[in-house]
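Report on one structure; see the data block that follows.
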Amino acid sequence: MAPEDDAPIDAAAAMRLIREQQASTVRGLEPDPRVHYWPWGFAWLIGFGVYFLRFSPDGRTIVAMPAWLPLTVLFVLLVAAAVVFGVGSARAYRHVAGESARRGRWYGTAWGLGFLGLSVVIGRVTDSLPPELAGLLWSALSVGLTGALHMAGGAIWLDRTLYRLGVWLTAVNIVGVIAGPGWHALVVSLAGGGGLLVAGALARRRHG
């Protein structure tokens, strides 16, 4: 067989190798999606779950514990999630520059300033509310802002998973608010935290 007879086969193999190498390079540059979703998912699932056990609907307490403990657990878990997310993102995007890096910085700034502004505003009005409504206001507005920012991020990067997650979190938040104090924490824990875990698993599957 003449050498030229093998050329089409060699060319096809070469193209497959190039595509595989390109895909491998993309996977190496992109962070594991679970780093973006799972820390927050576990924080919501556990943190809001503990809050529900202490501050259940109609003023009931399912598990006796100090009143300060649920908020402390939730805050610690959210800080831990932020640290894991920040370290993972910094490592993944340390070689990224240009427009993508600028979008990431601006988006991260929007998160920080958004929650700072939210905290200042809520802190000014909660003193005049009953404790159960004050807790609902804090959690509902925080979850609402999180959903909106996820949708914004999905629109910026044309990420369907991120956008759909934002829509889901928004719907979960609305259902929880309608259900009322106590129930909101349970809904956010199971549907919100669970939704974040599922989104991470689905994104990981597509990431390869």
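The values are calculated or read from the model by the stated rules, or taken from the named source; none is laboratory data. Treat the numbers as computed from the prediction; the structure is a model and nothing was measured. Positions of Cβ are backbone-derived with ideal geometry, glycine not excepted, and every protein chain shown enters the neighbour counts. Just so you know, the surface numbers come from the protein's heavy atoms only, side chains and all, with ligands and any DNA or RNA stripped out. Shrake-Rupley method; radii C 1.70, N 1.55, O 1.52, S 1.80 Å.
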I'd like the accessible area for residue 204, computed on protein heavy atoms only with a 1.4 Å probe and all protein chains in place. Round to 10 Å², please. 80 Å²
With labels modelled as points extended 7 Å from the Cα through the Cβ direction, what inter-label distance (nm, one decimal) is found for residue 32 paired with residue 175? 3.0 nm
Counting only protein heavy atoms and a 1.4 Å probe, tell me what percentage of the range 143-188's accessible area is made up of carbon and sulfur. 74 percent
Expressed in nanometres to one decimal, the distance between label points 7 Å along Cα→Cβ at residue 201 and residue 107 is 2.4 nm
Give me the percent relative contact order of the range 133-182, please, defined on Cα pairs under 8 angstrom at least 6 residues apart. 42 percent
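What is the local net charge at residue 199, summed over the other residues whose Cβ is closer than 14 Å to its Cβ (Lys, Arg +1; Asp, Glu -1)?
Once all neighbours under 14 Å are counted, the net charge is +4.
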Return the FRET efficiency for the residue pair residue 148, residue 68: r is the Cβ-Cβ distance, R0 is 25 Å, and the value is rounded to the nearest 0.05. 0.30
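Kirkwood Rh and Cα-based Rg: tell me the resulting Rg over Rh for the range 74-140, rounded to two decimals.
That ratio is 1.13, to two decimals.
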So the carbon and sulfur contribution to the accessible area of the range 37-97, 1.4 Å probe, in percent, is 75 percent
Residue 157 - accessible surface, heavy atoms, 1.4 Å probe, Å² rounded to 10: 100 Å²
How high is the relative contact order of the range 65-208, in percent, with contacts defined as C-alpha pairs under 8 Å that are six or more residues apart? 15 percent
Taking 0.36 nm per residue of separation between residue 58 and residue 80 and subtracting their Cα-Cα distance, the length gained on full extension comes to 4.8 nm
Net charge near residue 156, counting Lys/Arg +1 and Asp/Glu -1 over other residues with Cβ under 14 Å of its Cβ? +2
Label points 7 Å out from Cα along the Cβ direction at residue 132 and residue 157: separation in nm? 4.0 nm
